[in-house]
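Student: One structure follows; several queries about it will come next.
The values are calculated or read from the model by the stated rules, or taken from the named source; none is laboratory data. It should be emphasised that the depicted structure is a prediction, and the values quoted were computed from it without experimental measurement. Ideal geometry is used to build each Cβ from the backbone, glycine not excepted, and the neighbour counts take in all protein chains shown.
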Amino acid sequence: MIGGRKFFVPTMLAFGFAFLYVPILSMMFYSFNYSKLVTVWDHANSPTLKWYGLLFHNGRIMGAAWLSIKIATMNACISVVLGTLAGLVLARFGRFRGRTILAAMTTAPLVMPEVITGLAMLLLFVSMEQLIGWPAGRGVTTITIAHVTFSMAYVTVIIQSRLANFDDSLEEAAMDLGARPAKVFWRITLPLIMPAIVSGWLLAFTLSWDDVVISQFVAGPSSTTLPMVIFSKVRLGVSPDVNALATIMVLIVATGVVLSAIVMQRQEKRRAREMQLAASD
């Protein structure tokens with residue numbers, strides 16, 4: 001029984017990883033295919049970088065990619081600030097009037113269907129434009145606001161869960177030594193929750209980067225994001241340049257995740273050494 005269990009778990013794990021990553025690797029492999037037929041490998045002329053060259057000369061795709069990066073970066077920065085503040089309030093301020101409403105408002109986007117969220121945001125922007133004249137039409141501003149609405153909910157959950165396991169004695173010791181609350185936050189609290197903040201930033205960036213449904217509701221004619229371009233191209237049939245574009249996106253995301261993991265691991269090791277030195281003194 002034990003031997004069968006040891007064999008079953010690695011086998012299921014291998015099947016799970018294969019189910020997730022074999023299609024991605026296959027897509028990356030066929031991005032070097034010379035043939036226009038994405039599922040037929042041209043043995044005579046492949047591998048080739050032909051589709052990557054055509055991709056970088058495609059003004060529509062490159063413009064949409066730059067727009068998506070700009071929106072995702074703004075969304076991630078704003079979501080981290082708002083999500084960190086909401087997480088601190090929910091984790092540190094105990095019971096207060098309006099806590100239930102705040103918790104419900106920050107977690108509702110996690111379970112709300114994207115179609116409902118997109119439609120609600122569209123109706124809100126139309127009503128605001130009629131009442132106060134802002135935002136004037138749909139574009140980068142409306143997409144960013146819509147993305148922040150659901151992205152900050154994920155950041156709030158991450159920060160709140162990190163603060164739930166936070167050692168308050170470190171802050172108390174700093175305040176006993178005469179540090180003001182603001183200085184305690186910047187010197188003690190913020191560095192300790194920085195891995196959670198980085199994780200929230202990356203998650204918010206990724207959520208904004210690949211969003212299609214909500215963006216279609218709140219985007220304007222001149223604000224087509226990269227996922228919207230890919231979705232429109234796929235509906236007409238997958239072309240090799242889509243494989244090349246998706247390969248670049250996968251490499252960018254993978255590089256960001258690996259670099260953030262290395263940075264956070266080094267910070268954890270440095271913090272562990274500092275704690276050991278403090279304990280030995």
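Student: Six or more apart or on different chains, Cβ atoms under 9 Å: show the pairs whose first residue is in the range 96-123 and farther than 17 Å from G83 by Cα and whose second is among the charged types (D, E, K, R).
Tutor: E114/D211; L122/R138
Student: Same structure, new question: Pairs, please: C-beta under 8 Å, at least 6 apart or cross-chain, first residue touching a residue at least 12 places away in the same chain (Cβ under 8 Å) and in the range 245-274, second surrounded by 11 or more Cβ atoms within 10 Å (Cβ to Cβ) and β-branched (V, I, T)?
Tutor: Partner pairs satisfying both residue conditions: L245/I61; L245/I230; A246/I230; V250/I24; V253/T206; S260/V198; V263/V198; M264/V198.
Conditions tested, residue by residue: (1) of a type in the set (V, I, T); (2) assigned to a loop (DSSP other than H, G, I, E, B); (3) under 30 Å from H147 (Cβ atoms).
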site	(1), (2), (3)
V38	yes, yes, no
D42	no, yes, no
L55	no, no, yes
I61	yes, no, yes
L67	no, no, yes
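Student: Among the candidates A174, A179, which residue alone is outside any helix (DSSP H, G or I) and not aromatic (F, W, Y)?
Tutor: A179
Student: Please go through the range 220-269 and pick out each residue that is charged (D, E, K, R) and within 23 Å of V22 (Cα to Cα). Before you say what the answer is, go through the steps one by one.
Tutor: First, the residues of the range 220-269 that are charged (D, E, K, R): 233, 235, 241, 266, 268-269.
Answer for the range 220-269, where residues must be charged (D, E, K, R) and within 23 Å of V22 (Cα to Cα): K233, R235, D241.
Student: Is there a residue in the range 132-139 that is of a type in the set (A, V, I, L, M) and out of contact with any Ser or Thr (no Cβ under 9 Å at 6 or more places or on another chain)? Walk me through how you get there before you give the answer.
Tutor: Taking the range 132-139 and keeping what is of a type in the set (A, V, I, L, M), we get 132, 136.
Now drop any that are not out of contact with any Ser or Thr (no Cβ under 9 Å at 6 or more places or on another chain), which leaves 132, 136.
Yes, that holds for at least one residue.
Student: Being under 27 Å from I252 (Cα atoms) and not in a helix (DSSP H, G or I) is the requirement here; does T48 meet it? Show your work before the answer.
Tutor: Values: under 27 Å from I252 (Cα atoms): yes; not in a helix (DSSP H, G or I): yes.
Answer is yes for this residue.
Student: Can you name the residue in the range 79-97 that is modelled with pLDDT of 80 or more and of a type in the set (G, A, S) and, of all such residues, is farthest from L163 (Cα to Cα)?
Tutor: This residue is S79.
Student: Just one of (1) part of a helix (DSSP H, G or I); (2) out of contact with any Lys or Arg (no Cβ under 9 Å at 6 or more places or on another chain); (3) under 27 Å from D211 (Cβ atoms) trips up A136, so point out which.
Tutor: A136 satisfies every listed condition except (1).
Student: Considering only the range 146-166, I want to know if a residue exists there that is modelled with pLDDT under 80 and surrounded by 14 or more Cβ atoms within 10 Å (Cβ to Cβ).
Tutor: Among the residues of the range 146-166, at least one is modelled with pLDDT under 80 and surrounded by 14 or more Cβ atoms within 10 Å (Cβ to Cβ), which makes the answer yes.
Student: Would you mind finding the one in F15, F29 that is farther than 25 Å from W209 by Cβ, of a type in the set (F, W, Y) and assigned to a helix (DSSP H, G or I)?
Tutor: On the way: F29 fails: farther than 25 Å from W209 by Cβ.
So the residue among F15, F29 that is farther than 25 Å from W209 by Cβ, of a type in the set (F, W, Y) and assigned to a helix (DSSP H, G or I) is F15.
Student: Only one residue in P181, P227 is free of Cβ contacts under 8 Å to residues at least 60 places away in the same chain and out of contact with any Gly (no Cβ under 7 Å at 6 or more places or on another chain), so which one is that?
Tutor: P181
Student: Separate question: Taking the range 167-215 as the search range and keeping residues that are of a type in the set (S, T, N, Q) and over 12 Å from the mean Cα position of the chain (by Cα), which one is surrounded by the most Cβ atoms within 10 Å (Cβ to Cβ)?
Tutor: Going residue by residue through the range 167-215, those that are of a type in the set (S, T, N, Q) are 169, 189, 199, 206, 208, 215.
Now narrow it down to the ones that are over 12 Å from the mean Cα position of the chain (by Cα): 169, 189, 215.
Details: S169: 9, T189: 19, S215: 25.
It comes out as S215.
Student: Answer yes if at least one residue in the range 116-131 is modelled with pLDDT of 90 or more, more than 17 Å from I214 (Cβ to Cβ) and among the β-branched types (V, I, T), and no otherwise.
Tutor: no
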